[in-house]
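Structure record follows, encoded as structure tokens.
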Amino acid sequence: MDSCYFLDRKRAGLMIVDVQDKLFPLVEHPDEVLTALIKLLKGCQCLELPILVTEQYPQGLGGTIGPIRKCLPDDQIILPKTTFSALRDATVEKQVLQMPVDQWIVVGIEAHVCIMQTAKDLILKGKQVVVVNDAISSRSIYDFSTAISEMKEWARVTSTEAVLFELIGDASSDSFKACLDLVKAKPRGCCC
């Protein structure tokens, strides 16, 4: 892994993995994770990054939660899958490999299953991966902490604000001015 690199808005994309109705309320610290997810999603939209969304077996686990769905454009494609790694699904893999993105910011649930396996497969496909620790979770704090510990060995693990400031890059830029309120704000579970 190339352990020292900066995120570049021209190369980066956001992958939201399996933030779904029936599972999300069961994870550790869902309110804090939702706040981070919305801030990051809106920041990436402000910076015009491509966004990819997956859902794990939506027939059983429901769709993407309402607060996230409200932030997505009406034409956002949400890719269903049954594989734990998003890239082990042929449709998702094809979409990922066709996008002009070689740096993926990965968020969602669960940290020790779909996030970790997706991050590994992205790296195996030659992508740089940033896992956002305050925008992922698991049902168990032990599974979450184990996943963070393991992922630190081969992926970057950082926070929502660190990602946003790195993507913005300069306080005098137009993008900083456009995202300033978002960076300072504390959303409360709704992006509206």
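The values are calculated or read from the model by the stated rules, or taken from the named source; none is laboratory data. These numbers come from a predicted model, not from an experiment. Cβ atoms come from the backbone with ideal geometry, glycine included; neighbour counts cover every protein chain shown.
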Which of (1) modelled with pLDDT of 95 or more; (2) under 15 Å from the mean Cα position of the chain (by Cα) is the odd one out, the single condition E161 does not satisfy?
(1)
Could you tell me whether S149 is of a type in the set (G, A, S), at pLDDT 90 or above and either in contact with a Leu (Cβ under 7 Å, 6 or more places away or on another chain) or closer than 27 Å to K125 by Cβ (or both)?
yes
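Residue by residue, here is whether (1) surrounded by 17 or more Cβ atoms within 10 Å (Cβ to Cβ); (2) more than 23 Å from K184 (Cβ to Cβ); (3) not β-branched (V, I, T) holds:
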{"position": "P25", "(1), (2), (3)": "no, yes, yes"}
{"position": "I38", "(1), (2), (3)": "yes, no, no"}
{"position": "G43", "(1), (2), (3)": "yes, no, yes"}
{"position": "C46", "(1), (2), (3)": "yes, no, yes"}
{"position": "P50", "(1), (2), (3)": "no, yes, yes"}
{"position": "I65", "(1), (2), (3)": "yes, yes, no"}
{"position": "I68", "(1), (2), (3)": "yes, no, no"}
{"position": "C71", "(1), (2), (3)": "yes, no, yes"}
Subset of segment 52-75 (residues that are over 19 Å from V183 (Cα atoms) and under 15 Å from the mean Cα position of the chain (by Cα)):
L52, V53, T54, E55, Q56, T64, I65, R69
Need pairs with beta-carbon distance below 8 Å; first residue under 11 Å from L47 (Cα atoms) and touching a residue at least 24 places away in the same chain (Cβ under 8 Å) and within segment 152-175, second of a type in the set (K, R) and part of a helix (DSSP H, G or I); sequence gap 6+ or separate chains.
L164/K39
Looking at segment 115-128 only, could you name the residues that are under 18 Å from P80 (Cβ atoms) and crowded, with 24+ Cβ neighbours inside 10 Å?
I115, T118
